[in-house]
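The structure appears right after this line, and notes come after that.
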Amino acid sequence: MEGDGSDSLVTIKNIERELICPACKELFTHPLILPCQHSICHKCVKELLLTLDDSFNDVGSDNSNQSSPRLRLPSPSMDKIDRINRPGWKRNSLTPKTTIFPCPGCEHDVDLGERGISGLFRNFTLETIVERYRQAARAATAIMCDLCKPPPQESTKSCMDCSASYCNECFKIYHPWGTVKAQHEYVGPTTNFRPKILMCPEHETERINMYCELCRRPVCHLCKLGGNHSNHRVTTMSSAYKTLKEKLSKDIDYLIGKESQVKGQISELNLLMKETECNGERAKEEAITHFEKLFEILEERKSSVLKAIEASKKLRLDKFQTQVEEYQGLLENNGLVGYAQEVLKETDQSCFVQTAKQLHLRIQKATESLKSFRPAAQTSFEDYVVNTSKQTELLGDLSFFSNGIDVPEINEEQSKVYNNALINWYHPGKEKADSYVLEYRKINRDDEMLSWNEIEVHGTSKVVSELENNCNYAFRVRAYKGSICSPCSRELILHTPPAPAFALMGSGGIQLEEPITAKYLEYEEDI
């Protein structure tokens, strides 16, 4: 039972995280022990069950789909809690026969069976520790007498049989000497009252007196005789108490003996955290530097390309302008036509002939240009379209790599292809990789390259099946060690044959010859 020594307050100060319910994230309130041996507040179990109950009854509700036992659940209505606590309560046909929900502590599914909450043990030990923690936390806050007339006095004792706290005077009044109440068990002031005898949740009138070693839970003699534990190995409660107490004591002694080692490892972990922080920032700075260099190159290329396009545009516009001026001269009262009209006014025949001959040739040339009109320049800038497909693909494949991982090389002599392809490679460096990624893709006739297909391989060879006939395929491989990868190897281009081969039989029939793939692909390394 609970003592009133100050030494217990010292050990209780640093264990708050062990006293927090994994569902509501607050100090345990009437904790129950789940079959997975984790504890959870009584109210939290109810809320989880009611949430499941609502989710089965409201299948189409968005709210039910979004509920999660890992989150703080809304408080259920009192009528639902009363209904689920009622001993004779049973589910209707729309609700499941068994109650299964994920434990908030370990996330494993927990099945409470038909008895539901009533089949769970109350963790009185944890409840007592939580109460001691609460008292240590409030320190100077006194527990007042429950029987005093106002104003109440500070209590000095708590009766475990009456579940009440008393000051000295009230204790003498309500527990007079020579009566049955004088024999009640009392402790120091507390608000945590628990029964003196742990009763079986399956058989409520039977006390717990045995321990099932298979299920690792206390049971009564009826559980062993004809219940769920009839074929299980059980031991006496005193034996289980002694064994578990010895084991727990040894565990505690071991941990206390390793205190200096744990402190040293904590210091090492703190240093590693600082080192990780520094290295992470350094890696970010290096990545930023690399990207800034890429940006500079892109800006330089962008400026150069734009200047070339602008120069070509200006040259073409100048040609068009000259051609426009020439054609404007053909119009009446403009240029050539006006000049020709003035020449026609010449009456001297010799002078007219002298001038008109050259003018006639010019007009004839202009007339021919009208018959076969051709612009002086092209309006299309197709030759100035920037092809960034390869660069885009390379940028998309940007990844981390280390100089410590060498680039694997594909062995062209040992790599064969038919309707399947056997690709062999080797790692030239001393340090081997953990795994490889083989990439391949089909190359169309117009040299259009499709996206890469990836296969993870743990060896140095791989058979790629279901390739199309009479097609070019590109293969490349990269190495991985942990999260670090090497650059891709040089690409190997292989061409699949036009069609499967056939062999004639001696009797005149035709039989499909064993695929040549079998000759090439005698093995594939186990992966």
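Screening SER260 with (1) loosely packed, with under 11 Cβ neighbours inside 10 Å; (2) touching a Pro at 6+ places or on another chain (Cβ under 8 Å) gives one miss only, at (2).
Taking first residues from the range 308-319 that are open to solvent by less than 90 Å² (accessible area, probe 1.4 Å) and partners that are polar (S, T, N, Q), the Cβ contacts under 9 Å between residues at least 6 apart in sequence or on separate chains come to ARG316/GLN378; ARG316/THR379.
So for the range 2-20 (the condition being at pLDDT 85 or above and not hydrophobic (A, V, I, L, M, F, W, C)), does at least one residue qualify? No, that holds for no residue. Screening the range 162-269 for helices (runs of 4 or more DSSP H) wholly inside it with 1 or more residues that are in contact with a Phe, Trp or Tyr (Cβ under 7 Å, 6 or more places away or on another chain) and at negative phi returns the ranges 168-174, 237-257.
The values are calculated or read from the model by the stated rules, or taken from the named source; none is laboratory data. Keep in mind that this is a model prediction, so the values were computed, not measured. We place every Cβ from the backbone using ideal geometry, glycine too, and count neighbours over all the protein chains shown. Calculation scope for accessible area: heavy atoms of the full protein, side chains included, ligands and nucleic acids excluded. Shrake-Rupley method; radii C 1.70, N 1.55, O 1.52, S 1.80 Å.
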